[in-house]
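Read the figures in this text as sums done on the coordinates, not as results from a lab. Bear in mind that the values here come from a model prediction, so they are computed numbers and not experimental data. Here the Cβ positions follow ideal geometry from the backbone for every residue, glycine too, while neighbour counts run over all protein chains shown.
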Amino acid sequence: PLDFATIAEASDQHAKPTYYQYQYGTAGFRTLGDRLDSVLFRVGILAALRSMKQNSHAIGVMITASHNPEKDNGVKLVDPRGEMLEASWEAHATTLANARSSNELLNVIQHIIETVKIDTSRPALVIYGRDTRPSGESLVAAFRDGLRAVGAEGRDAGITTTPILHYLVRATNSKDFGEPTELGYFTKMTDAFKQLVAGRPKIAPLLVDCANGVGTQAAETLKEYLGDTLPLILENTSTTTPGALNRACGADYVKTTQQLPPSLEGKVAPGQRGCSLDGDADRLMYFYVSEKRQFRMLDGDKIATLVAAFIVDLVKLSGLQSKIRVGIVQTAYANGASTKYLTQRLPVKCVPTGVKHLHHAAESFDIGVYFEANGHGTVLFSRNTLETLERHEPNTPAQQTALNHIINLTKLINQTVGDALSDMLLVEVVLAHKSYSGVEWDSLYTDLPNRLVKVVVNDRNNFVTTDAERRLVNPAGLQQRIDELVLKYDGGRAFVRPSGTEDVVRVYAEANARIGADELAYRVAGMVY
Ligand code: NG1
Ligand code: ZN
């Protein structure tokens, strides 16, 4: 049972600043690193309660602000199966973080225990990790104080990537998932990769932009494990240079500017392919430089298309097409050209922004591929599918080979969460099998020109959406004006939604012509403002 006097005393050392209101959003809590001390202390308590509620299974806590600037930080919880925290607990997290005093905190804790019915005599286990941000160390200390105040056991995963932390949680709770260590993670993934590319021609070196973040460390380890099978050239690896994290590099920079990071200028030869990780290595952007020395970006939509087409082929080749339905999940930000290409080939679902929505929808397919355009995504294999794969008796050697490939994919892919390194190996497998360079991959379809802009408004909560965020129901009349404007643009599409991670409204527009897309975006932004 909890000792409330101990909690109150510890909480006094981590008082909540009066001015801030915290919110557990799509990416957990996220703000300036120096505003998060009390939040981390309380997340220690919350994670322990969550573990008690989940039959003492391990819960994960990742301290990171992903692609945000270095001075930001954040924290998110991971559920026992390696998934994001169950939505109903997000409200508890928010209430806990905003309790104004130690006394109020105790009341909130008591309230959570009662409403959720938690047996606090159970032991609690929490696995935690952090990215390379300088504020991480003191935040970890505050977090540990929270664990200690409620007598929970903590396991420190150290400085590590978000996907590795998710893997550790899942592997700790399900013994047959893999060894619950970093070594187990790398071994599982690279063994599968080596089998998938065995007998294929030698793969040309791949340049990896590590965003000067925690992906550097993981990529270095991966490089050793891969040896000659896939030579990696690591760039932007300055994890200790102040301010370098995510600055003019990394997946978010590439996606938002649609440019090569200046630090890579001259390092990518024409025809060579490269990729960028983000600050916690859960997002991936590919790119190449054409013979005409033009930068070409291959984003999450391109990755989804490449991977889904490959898996559909393998399912056919293995003789399982009547038993396994492959589907794909996108958000409204998916390029219209990708949606058109995919819809002609397999079931496509559109869901609201945020990984939890994509993940959930992907679970409804036998094999569900999901990616956000910004490069966050993975592939899920349902339990039924795993059994089908195990039981299937192929009729021909070709079917057997295809079946083995699919089984290896289930090991290569980090199914708990989007994982830049696992996704990178997945892309490399497909390119090796298809003998594609960036050019052939890129030519599957041509992206429609598009523009994403942010608008600062008085109250973003005035903007209410429907239809997977593609239409507005409030402010009244605005959607109709957008519809009328869109009609004036050839191939036009535009939508407006409030951001879940920043205090802004986002406007997205695409059209057949570059100037059309830009003009449409700015004119819609003008209506929103
Ligand atoms: P918001 O701020 O709600 O648009 C952003 C990304 C999402 C997702 C979340 C979580 C865009 C347009 N939005 O959400 O795709 O990655 O952050 O990190 O890229
Ligand atoms: Zn990230």
Under 20 °C and 1.002 mPa s, how fast does the stretch 427-529 diffuse according to Stokes-Einstein, given a Kirkwood radius computed over C-alpha pairs? Answer in µm²/s, whole number. 142
Which FRET efficiency, nearest 0.05, do Lys267 and Asn55 yield, Cβ-Cβ r, R0 51 Å? 0.50
Run the simple label-point estimate for Thr501 and Lys223 please: 7 Å along Cα→C-beta, distance reported in nm. 2.7
Karplus couplings for the stretch 282-291 from phi (6.51 cos²θ - 1.76 cosθ + 1.60, θ = phi - 60°), rounded to Hz, Gly and Pro as x? 10, 10, 9, 10, 9, 7, 8, 10, 6, 4
Too long for a 19 Å Cα-Cα cut-off, among Lys255/Lys454; Lys223/Lys292; Lys188/Lys302, are Lys223/Lys292; Lys188/Lys302
Which trypsin sites (Lys or Arg not before Pro) in the stretch 99-136 sit in a loop by DSSP (not H, G, I, E or B) and have at most 13 other Cβ atoms within 10 Å of their own Cβ? Arg100, Lys117
Compute the length gained on full extension between Asp313 and Tyr522: take 0.36 nm times their separation in residues and subtract their Cα-Cα distance, giving the result in nm to one decimal. 71.1 nm
Could you order the peptides 71-78, 408-415 from most to least packed, using the average number of other C-beta atoms within 10 Å per residue? 71-78, 408-415
Which is farthest toward the positive dipole end of the chain among Val43, Gly491, Met62, measuring Cα position about the Cα centre, with Cβ charges +1 (Lys, Arg) and -1 (Asp, Glu)? Gly491
Loop-located trypsin sites (Lys or Arg not before Pro) in the stretch 456-529 whose Cβ has at most 16 other Cβ within 10 Å (DSSP): Lys488
Short to long, in 10 Å steps from zero, the percent of alpha-carbon pairs of the chain per bin is 4, 18, 28, 27, 17, 6, 1
re the stretch 337-393: pairs of Cα atoms spaced beyond 16 Å account for a percent value of 50
Given +1 on the Cβ of Lys and Arg, -1 on the Cβ of Asp and Glu, and no further charges, what dipole in debye does the stretch 281-394 carry about its Cα centre, rounded to the nearest 20? 320
Determine the sum of side-chain charges near Cys350: Lys and Arg each +1, Asp and Glu each -1, restricted to other residues whose C-beta is under 14 angstrom from that of Cys350. +2
If R0 is 35 Å, what FRET efficiency do you get for Ser364 and Val453 from their C-beta distance, rounded to 0.05? 0.60
Find out how many positive minus negative residues lie around Leu264, taking Lys and Arg as positive, Asp and Glu as negative, among other residues whose Cβ is under 9 Å from that of Leu264. -2
Per DSSP loop assignment and a cutoff of at most 15 other beta carbons within 10 Å, the chain keeps its longest run without exposed GluC sites (Glu not before Pro) at 87-264
Spin-label pair Gln23/His111, simplified geometry with 7 Å Cα→Cβ offset, distance in nm: 1.8
Treating only the Cβ atoms of Lys and Arg (+1) and Asp and Glu (-1) as charged, compute the dipole magnitude of the stretch 330-486 about its Cα centre; round to the nearest 20 debye. 320
Compute the convex hull volume of the Cα atoms of the stretch 126-245, divide it by the residue count, and report the result per residue in Å³ as a whole number. 91
Positive end of the charge dipole of the chain (Lys, Arg +1 and Asp, Glu -1 on Cβ, about the Cα centre): tell me which of Gly25, Gly215, Thr410 has its Cα farthest that way. Thr410
What fraction of the Cα pairs in the stretch 28-68, stated in percent, has a spacing above 15 angstrom? 46
Can you tell me the length gained on complete extension of the stretch Lys202 to Arg81, counting 0.36 nm per residue apart and subtracting the Cα distance? 39.9 nm
To the nearest 0.05, how large is the calculated FRET efficiency for Asp483 and Ala5 if R₀ is 51 Å and r is the Cβ-Cβ distance? 0.25
What value, in deg cm²/dmol to 500, does the helix sum -39500 (n - 2.57) over DSSP H runs of n ≥ 4 give at 222 nm once divided by the residues of the chain? -12500 deg cm²/dmol
Name the residue from Val326, Gln400, Ala513 whose Cα lies farthest towards the positive end of the charge dipole of the chain, charges +1 on Cβ of Lys and Arg and -1 on Cβ of Asp and Glu. Ala513
